[in-house]
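Working notes, structure below.
What follows is calculated from the coordinates using simple rules that are stated; it is not laboratory data. It should be emphasised that the depicted structure is a prediction, and the values quoted were computed from it without experimental measurement. Cβ sites come from the backbone with ideal geometry, for glycine too, and all protein chains shown count toward neighbours.
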Amino acid sequence: MDVASNLYDTFEPQKDSLYFKVGTHGLISFHGRNYNIKKRMSPEQRNGLLRDDTFFRLTSDCYVNVDKISDIAEDCLIFGDRSAGSKKLPVSKRKQQIIKQLLSERAGKPH
């Protein structure tokens with residue numbers, strides 16, 4: 001239980017989440033490699049997160065962490081290795097092209 005509460009307390013969306021979904025009343029559901037965390041955020045916090053260029057708007061309520069995408073295959077974004085246990089999200093061809101461009105731009109920038 002300490003591990004779960006520690007993750008919740010020290011959670012940083014930009015570093016720790018693969019993607020998040022925006023719910024009602026300020027509730028954001030963050031999805032990681034092997035966990036989901038729901039947090040209530042103020043309108044200012046939520047708007048800051050939605051404007052953060054770490055995340056790309058995939059659908060009206062789903063934002064993906066571009067830095068955590070490892071591959072795009074079979075019309076899915078893949079996070080982590082390509083094993084059966086990796087997280088995947090379906091993505092349209094149009095969004096695939098935009099994300100591929102973002103990934104290539106980020107690969108060219110020094111960290």
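Simple spin-label estimate for residue 67 and residue 82 gives 2.6 nm between the two label positions (7 Å along the Cα-to-Cβ direction from each Cα). When the pairs 39/93; 39/95; 39/100; 38/88; 38/100; 15/39 are compared against a 25 Å limit on Cα-Cα distance, 39/93; 39/95; 39/100; 38/100 fall above it.
Across segment 2-108, the volume of the C-alpha convex hull divided among the residues equals 111 Å³ per residue. Spin-label model, residue 59/residue 104: points 7 Å from Cα along the beta carbon direction are separated by 2.8 nm.
Shown for 105, 12: other C-beta atoms within 10 Å of each C-beta, ranked fewest to most, produce the order 12, 105.
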